[in-house]
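Structure record follows, encoded as structure tokens.
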Amino acid sequence: MIRHIVLFKFKPGFGWQDPAALAAERSSRLVGERVPGLLHWQVGRNTTDRPIAYDFAAIGLLPDQDTLRGYQDHPFHQESAALWRAISTWVVADIEE
């Protein structure tokens, strides 16, 4: 099993009041329904006010590396990532369970 973890941090000038941020959030919530192979999908806003904290997280569980590659290449995932790319930076970790 592969746990896919992505943390997003808004670029300066963006925040939850921005329609682009709300669109990225909506899109991320749909990834779990529209991208096959995900065994579990969880997304959410950060709830702490700390300078080191990221603003949003997406966490998925996939059965193997091949499925992870399919997830990464899926058109809907690519569309969702493009929305985030416009408004944030992010870090990714894929860990074996």
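The values are calculated or read from the model by the stated rules, or taken from the named source; none is laboratory data. It should be emphasised that the depicted structure is a prediction, and the values quoted were computed from it without experimental measurement. Quick reminder, even Gly has a Cβ in these numbers, built from the backbone with ideal geometry, and neighbours come from all protein chains shown. Surface areas here come from the heavy atoms of the whole protein model, side chains and all, with no ligands, DNA or RNA. Shrake-Rupley method; radii C 1.70, N 1.55, O 1.52, S 1.80 Å.
How about the range 49-97: which of its residues are open to solvent by 30 Å² or more (accessible area, probe 1.4 Å), under 24 Å from residue 9 (Cβ atoms), in a strand (DSSP E or B) and out of contact with any helix residue (DSSP H, G or I) (no Cβ under 8 Å at 6 or more places or on another chain)?
59, 89, 91, 92, 93, 95
I'd like to know if the range 31-54 contains one or more residues that are closer than 15 Å to residue 85 by Cα, within 12 Å of the chain's Cα centre (by Cα) and basic (Lys, Arg).
no
Within the range 37-48, can you find the residues that are open to solvent by less than 80 Å² (accessible area, probe 1.4 Å), over 20 Å from residue 78 (Cβ atoms) and at pLDDT 95 or above?
44, 46
All but one of (1) closer than 21 Å to residue 94 by Cβ; (2) more than 15 Å from the chain's Cα centre (by Cα) hold for residue 12; state the number of the condition that does not hold.
Checking residue 12 against (1) closer than 21 Å to residue 94 by Cβ; (2) more than 15 Å from the chain's Cα centre (by Cα), the one that fails is (1).
Does the range 1-36 hold any residues that are open to solvent by 30 Å² or more (accessible area, probe 1.4 Å), within 12 Å of residue 57 (Cα to Cα) and either charged (D, E, K, R) or part of a helix (DSSP H, G or I) (or both), and which are they?
9, 29
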